[in-house]
Amino acid sequence: EKGGFDSFMDKEIHDQPHAVADTLLGRTDAAGRIILDDLRIDEAVLRSVDKIIVIACGTAAYAGHVAKYAIEHWCRIPVEVELAHEFRYRDPIVDERTLVVAISQSGETMDTLMAVRHAREQGAKVLAIVNTNGSTIPRESDAVLYTHAGPEIAVASTKAFLAQITAAYILGLYLAQLRGNKFPDEVAQLFDELRDMSRKVQTVIERGEYVRATARSMEAADKVLFLGRHVGYPVAMEGALKLKELAYIHAEGFAAGELKHGPIALIDEGQPVFVVVPSPRGRDQLHSKVVSNIQEIRARGARTLVIAEDGDDEVRKYADEIFWIPQAPSLLQPLLAVVPLQIFAMALAGAKGLDVDQPRNLAKSVTVE
Ligand code: F6R
């Protein structure tokens, strides 16, 4: 049932183009408008929402971070992202105009479930983005947007993450359409770009051998850092989490802009640092800011492992290793940029002889608080 792969994780990484495509399936009508049948929240309520709070844990929370950038940009609704266990035990400001989005692969994570219950008690509407049909979180929510990643067996989440991000983009585009933030043809164009991501994810996977070879050469690494900005920041944190979970290596993800506020002190000769580089075609000087961050760490001896878009000639000069990903709209880049990081963590754990499907101390679904 591993479909010829060495591990479920490897299989699930290869399932990712399908996870993205299947999550998008059936979400538009003949006129190209997004339709979410299973939403069950009154459109008037969704139009009046003045704040969104995403609650989740672990990898699902990083999907929530990506969602924040996209939804705020497309819908102009403030979005907060909070770890479910932190949300539950403070005194969150939530009312009838708050939409809480709970993201969970299993639909059974107790921390997330308790936060869902708490939000509903305060009068919020809860929409669940969940992978497992009929699980507890969607049953206890007002609405559900299922990800169609298929069952995820490996403990470390991969295809569910891509499907969660995809579902969050669908939600963002739906809200933008509903609330009139975007013209129908703009929504349709963004949706087409989203559809095209499945093929690009496949391309990244096909380039995986170089990532694997690099990982095998880094078996002795004892700490690895990950940097990103904007949507690359949650990707960096997810890359670090994968490496901790699978290879038991101390890893940390930072916002690249935060470097000089402290973490740059960690850089010494040979320190491996992954950097997620935004598209050079994007706005806001994001690309040049990240290129300067790479120069700063390299000047201090870092070994730079760079994830960059095809055609980015500028960054090439500062990269010790470079993992190319296809060009994509800036907000959608996480679907591609995370894939080499997943493959890296899996291959490094494999090189160390570790069980990539069943890392120590971890369970697939955490049903205690
Ligand atoms: C990471 C991982 C965990 C889960 C987290 C939430 O690889 O698997 O961090 O993402 O425990 O689980 P779900 O999504 O089932 O609520």
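In the set (1) buried (at least 17 other Cβ atoms within 10 Å of the Cβ); (2) of a type outside the set (A, V, I, L, M, F, W, C); (3) in contact (Cβ under 8 Å) with a residue 40 or more places away in the chain; (4) under 25 Å from Pro326 (Cβ atoms), Asp312 fails one condition alone, (3). When the criteria are applied in full, Leu348 fails the requirement of being without any contact (Cβ under 8 Å) to a residue 60 or more places away in the chain and outside any loop (DSSP other than H, G, I, E, B). Cβ separations smaller than 7 Å between residues 6+ apart or across chains give the following pairs from segment 103-125 residues that are without any contact (Cβ under 8 Å) to a residue 60 or more places away in the chain and open to solvent by 30 Å² or more (accessible area, probe 1.4 Å) to residues that are within 15 Å of the ligand (Cβ to nearest atom) and part of a strand (DSSP E or B): Arg120/Val126. Only residues that are away from the ligand (no atom under 16 Å from the Cβ) and either out of contact with any Phe, Trp or Tyr (no Cβ under 6 Å at 6 or more places or on another chain) or not in a helix (DSSP H, G or I) (or both) were counted in segment 54-74, giving 6. Could you tell me which residue of segment 277-334 is nearest to the chain's Cα centre (by Cα), considering only residues that are over 18 Å from Ala70 (Cβ atoms) and basic (Lys, Arg)? Checking each candidate, the answer is Lys289. Across segment 139-154, the number of residues qualifying as more than 12 Å from the ligand (Cβ to nearest atom), open to solvent by less than 20 Å² (accessible area, probe 1.4 Å) and not hydrophobic (A, V, I, L, M, F, W, C) comes to 1.
This table checks each residue for (1) in a loop (DSSP other than H, G, I, E, B); (2) among the aliphatic types (A, V, I, L, M).
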position: Phe254; (1), (2): no, no
position: Leu259; (1), (2): no, yes
position: Ile264; (1), (2): no, yes
position: Asp268; (1), (2): yes, no
position: Pro280; (1), (2): yes, no
position: Lys289; (1), (2): no, no
position: Ile322; (1), (2): no, yes
position: Ala328; (1), (2): yes, yes
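Here is a check on your reading of the model: is Glu82 assigned to a helix (DSSP H, G or I) and among the acidic types (Asp, Glu)? Spelling it out, it is not the case that Glu82 is assigned to a helix (DSSP H, G or I) and among the acidic types (Asp, Glu). In summary, Ile77 fulfils each of the numbered conditions (1) part of a helix (DSSP H, G or I); (2) away from the ligand (no atom under 16 Å from the Cβ) with the single exception of condition (1). Which numbered condition trips up Thr109, out of (1) within 14 Å of the ligand (Cβ to nearest atom); (2) within 17 Å of the chain's Cα centre (by Cα)? Among (1) within 14 Å of the ligand (Cβ to nearest atom); (2) within 17 Å of the chain's Cα centre (by Cα), the lone unmet condition for Thr109 is (2). Does segment 155-166 contain any residue that is touching a residue at least 24 places away in the same chain (Cβ under 8 Å), within 16 Å of the ligand (Cβ to nearest atom), touching a helix residue (DSSP H, G or I) at 6+ places or on another chain (Cβ under 8 Å) and open to solvent by 10 Å² or more (accessible area, probe 1.4 Å)? Checked against the condition, which is being touching a residue at least 24 places away in the same chain (Cβ under 8 Å), within 16 Å of the ligand (Cβ to nearest atom), touching a helix residue (DSSP H, G or I) at 6+ places or on another chain (Cβ under 8 Å) and open to solvent by 10 Å² or more (accessible area, probe 1.4 Å), segment 155-166 yields at least one hit. Counting the residues of segment 11-52 that are open to solvent by 20 Å² or more (accessible area, probe 1.4 Å), in contact (Cβ under 8 Å) with a residue 24 or more places away in the chain, part of a helix (DSSP H, G or I) and among the aliphatic types (A, V, I, L, M) gives 2. Summed over segment 161-213, the residues that are under 22 Å from Leu243 (Cα atoms) and not in a helix (DSSP H, G or I) give a count of 1.
Residue by residue, here is whether (1) closer than 21 Å to Ile322 by Cα; (2) open to solvent by 20 Å² or more (accessible area, probe 1.4 Å); (3) out of contact with any strand residue (DSSP E or B) (no Cβ under 6 Å at 6 or more places or on another chain) holds:
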site	(1), (2), (3)
Gly228	yes, no, no
Pro234	yes, no, yes
Met237	yes, yes, no
Lys244	no, yes, no
Ala251	yes, no, no
Lys260	no, yes, yes
Asp268	yes, yes, yes
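Within segment 354-366, residues that are open to solvent by less than 60 Å² (accessible area, probe 1.4 Å) sit with their Cβ atoms under 7 Å from residues that are of a type in the set (S, T, N, Q) and within 12 Å of the ligand (Cβ to nearest atom), at 6+ positions apart or across chains, in these pairs: Ser365/Ser106; Ser365/Thr109.
Does segment 272-283 include one or more residues that are in contact with a Leu (Cβ under 8 Å, 6 or more places away or on another chain) and either charged (D, E, K, R) or open to solvent by 60 Å² or more (accessible area, probe 1.4 Å) (or both)? No: segment 272-283 contains no residue that is in contact with a Leu (Cβ under 8 Å, 6 or more places away or on another chain) and either charged (D, E, K, R) or open to solvent by 60 Å² or more (accessible area, probe 1.4 Å) (or both). Within segment 85-102, the set of residues being surrounded by fewer than 24 Cβ atoms within 10 Å (Cβ to Cβ) and either more than 15 Å from the ligand (Cβ to nearest atom) or within 22 Å of Phe161 (Cβ to Cβ) (or both) comprises His85, Glu86, Tyr89, Arg90, Asp91, Pro92, Ile93, Val94, Asp95, Glu96, Arg97, Thr98.
Applying the condition of being open to solvent by less than 10 Å² (accessible area, probe 1.4 Å) and within 13 Å of the ligand (Cβ to nearest atom) to segment 126-137 and asking which residue is farthest from Leu171 (Cα to Cα) yields Ser135.
The values are calculated or read from the model by the stated rules, or taken from the named source; none is laboratory data. Just so it is clear, the model here is predicted, and its values are computed rather than measured. Virtual Cβ from ideal backbone geometry, glycine too; neighbours counted across all protein chains shown. Side chains are part of the model used for accessible areas, which takes the heavy atoms of the whole protein and leaves out ligands, DNA and RNA. Shrake-Rupley method; radii C 1.70, N 1.55, O 1.52, S 1.80 Å.
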